[in-house]
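**Student:** One structure follows; several queries about it will come next.
The values are calculated or read from the model by the stated rules, or taken from the named source; none is laboratory data. Every value quoted in this text rests on a predicted model; they were computed, and no experiment measured them. All Cβ positions, glycine included, derive from the backbone under ideal geometry; neighbour counts span all protein chains shown.
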Amino acid sequence: MIGRTGEADDKGYYEGLVYLPCTETNNFTPAIPKEKVDIIYLCYPNNPTGMVATKAELKAWVDYANAQGSIIFFDAAYEAFITEPGIPHSIYEIEGAKTCAIEFRSFSKTAGFTGVRCGLTVIPEQLTGHTVGGEKVALNKLWNRRQSTKFNGVSYPVQRAAAAVYSEDGWSQVQETIAFYMENARLILQGLKTAGITCYGGVNAPYIWLKTPGGLASWDFFDKLLTECHVVGTPGSGFGPSGEGYFRLSAFGSRENVQEAVRRIQGKWGEN
Ligand SMILES: *Cc1c(COP(=O)(O)O)cnc(C)c1O
């Protein structure tokens, strides 16, 4: 955001980044880079693809990070949407993660706090970075300093609302809402597959990642979907160069709207 990545080339790849393409070819499981990287951003369940990582896959990342001295930023914003058993909800389920990983969690999707703003960051006390001179520095202390000086915390009413999520009533209400959205996801996934559209995700995440019919560019599919079906979604290319030719649909809607949107998409693409 402050420009350390340098400029983007004409395909949209920024200079200072090593990309982890997540595509159909690698079943949305990116290979571990051959070179050393300082920071690894992983998001599972993934936005936008809706795909997840297994324990074995995350273990390979943790082992790589510990060997290279890299830090994993593990974005677990969608962990509450995991429905399949055995899928890790936290990077700390992986042995060795406490010496290489920071995890983010958020109430935004779990409990509909998007505008309310509450999340959390886990920085294990064992986790260290290093100075230019190679001296080890505990990141937890640095983060605490940063938080207590520049942020000062989430407002009290919002903290109380977040705590209510973990009450018996709150938790069951949140689970109910998530189950409702995951049923939407199932309907979208099933409906689009019936229409012959190749889709991914939608099982452990509230997103369906579809391959645009007829190989349309993401934005061309967006235009068609908007003007001919009056349905709005997110062009895959907006998430980076590897998203071109894909499109994200969200399950965060009413049942009526989801069913109507699926009907319209089936009416438009179903016969082909
Ligand atoms: C929505 C979302 C978040 C949550 O961000 P907040 O700032 O807590 O609202 C984090 N990561 C991903 C990938 C998301 O989609």
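**Student:** Please list, ordered by first then second residue, the pairs with beta carbon atoms under 8 Å, 6 or more apart or interchain, first in the stretch 108-131 and of a type in the set (G, A, S), second away from the ligand (no atom under 16 Å from the Cβ).
**Tutor:** Filtered contacts from the stretch 108-131: A111/G170; G129/I71; G129/K136; G129/V137; G129/L139; G129/L142.
**Student:** Condition first: touching a helix residue (DSSP H, G or I) at 6+ places or on another chain (Cβ under 8 Å), of a type in the set (S, T, N, Q) and farther than 18 Å from A162 by Cα. Now tell me which residues in the stretch 77-133 satisfy that.
**Tutor:** Correct list: T83, S90, T99, Q126, T128.
**Student:** Would you confirm, using the coordinates I've provided, whether E84 is under 18 Å from the mean Cα position of the chain (by Cα), surrounded by fewer than 20 Cβ atoms within 10 Å (Cβ to Cβ), at pLDDT 95 or above and in a loop (DSSP other than H, G, I, E, B)?
**Tutor:** yes
**Student:** Considering I188, I265, which residue is in contact with a helix residue (DSSP H, G or I) (Cβ under 7 Å, 6 or more places away or on another chain), in contact (Cβ under 8 Å) with a residue 60 or more places away in the chain and farther than 30 Å from L20 by Cα?
**Tutor:** Only one candidate qualifies: I265.
**Student:** When the residues of the stretch 70-96 are narrowed to those that are closer than 14 Å to I39 by Cα and hydrophobic (A, V, I, L, M, F, W, C), which ends up farthest from the ligand (Cβ to nearest atom)?
**Tutor:** So, considering only residues that are closer than 14 Å to I39 by Cα and hydrophobic (A, V, I, L, M, F, W, C), the one farthest from the ligand (Cβ to nearest atom) is I71.
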